[in-house]
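Single-structure report; data block below.
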């Protein structure tokens, strides 16, 4: 019983951390703090993955999101002139409409989830054993091997595309003239 | 212990927050944040159902989805840097023309 309450307290604190920092990521005035809030939210999602007995996906999430995406976003925020980041104010009517839409989405999808019988005690409990990492490794190199190769090609293409997009032709031309 | 419905509830709330950000925010970087939040809500659902149904496919899908999201962020930020260079602004309402 004590363990039950402990697990629930852990779940609730991770949920508050994740949702709260997601709101911070969108609502804070300074974009750098928003990026840090997004990173903390991703850490919270990784915590959920740990609670769901999927440590491999949790580590992958931390590596990719906190290690790569958050750092990339923070660098972009620093590259973009800070003055451009502060001048943006949204329309209050639009914000009200957004909050109404948020509540409609929560109510609508929540009603669908509840009506689907997901809360049925026979189904909602985790009474099957967890999947171990060896299964994922085996699946990844056997059944999903072509997908893995395609994924590598996609990542390479996107990195090359991002580099090509961010290239500055004016500076290159100047350098050529100097040479 | 925790139940499936708890995780699905958190995923629904995160999804709604992401939709709110996409609708309200005009800052392109914040729209990327919203897209990431939505993608993470989807991943949370995949993992939760994978745990409940004892099926490894959900975890595999989540892994691939995380990797694709990383690629998407790289390209998206590249596009934002280009747009900033052209318009000196990252407000999406200023990006009126698609021509270079």
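The values are calculated or read from the model by the stated rules, or taken from the named source; none is laboratory data. As the structure is a prediction and not an experimental result, all values here were calculated from the model. For neighbour counting, all protein chains shown are included, and Cβ atoms are generated from backbone atoms with ideal geometry for every residue, glycine included.
Worth pointing out:
- When the test is whether a residue is free of Cβ contacts under 8 Å to residues at least 12 places away in the same chain and under 27 Å from residue B:55 (Cβ atoms), residue A:107 does not pass it.
- Index of the failed condition, residue B:68 passing every other in (1) under 29 Å from residue A:163 (Cα atoms); (2) buried (at least 17 other Cβ atoms within 10 Å of the Cβ); (3) at pLDDT 90 or above: (2)
Yes/no per residue for (1) in a helix (DSSP H, G or I); (2) surrounded by 11 or more Cβ atoms within 10 Å (Cβ to Cβ); (3) at pLDDT 80 or above:
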| residue | (1), (2), (3) |
| --- | --- |
| A:128 | no, yes, yes |
| A:139 | yes, yes, yes |
| A:146 | yes, no, yes |
| A:151 | yes, yes, yes |
| A:158 | yes, yes, yes |
| A:161 | yes, yes, yes |
| A:164 | yes, no, yes |
| A:173 | yes, no, no |
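- Qualifying residue in the range B:49-57 (condition: at positive phi and either outside any loop (DSSP other than H, G, I, E, B) or at the interface with another protein chain (Cβ under 7 Å from one of its Cβ atoms) (or both)): yes
- Put simply, of A:84, A:68, A:58 the only residue that is at the interface with another protein chain (Cβ under 7 Å from one of its Cβ atoms) and at pLDDT 85 or above is A:68.
- Taking the listed residues B:71, B:67, B:41, B:83, the one that is more than 7 Å from chain A (Cβ to nearest Cβ), assigned to a helix (DSSP H, G or I) and closer than 26 Å to residue A:55 by Cβ is B:41, with no other qualifying.
- For the range A:30-41, the count of residues that are more than 10 Å from every other protein chain (Cβ to nearest Cβ) and not in a helix (DSSP H, G or I) is nonzero.
- Subset of the range A:96-126 that is over 25 Å from the mean Cα position of the chain (by Cα) and not in a helix (DSSP H, G or I) - its residue that is modelled with the lowest pLDDT: A:119
- Here residue B:21 meets each of (1) surrounded by fewer than 20 Cβ atoms within 10 Å (Cβ to Cβ); (2) at the interface with chain A (Cβ under 7 Å from one of its Cβ atoms) with one exception, condition (1).
- Cβ-Cβ distances below 9 Å connect the following pairs, each with a first residue in the range A:44-71 that is at positive phi, a second residue that is in a loop (DSSP other than H, G, I, E, B) and surrounded by 20 or more Cβ atoms within 10 Å (Cβ to Cβ), and a separation of six or more residues or different chains: A:53/A:131.
- Hey, residue B:96 more than 7 Å from every other protein chain (Cβ to nearest Cβ) and more than 25 Å from residue A:60 (Cα to Cα) or not: yes
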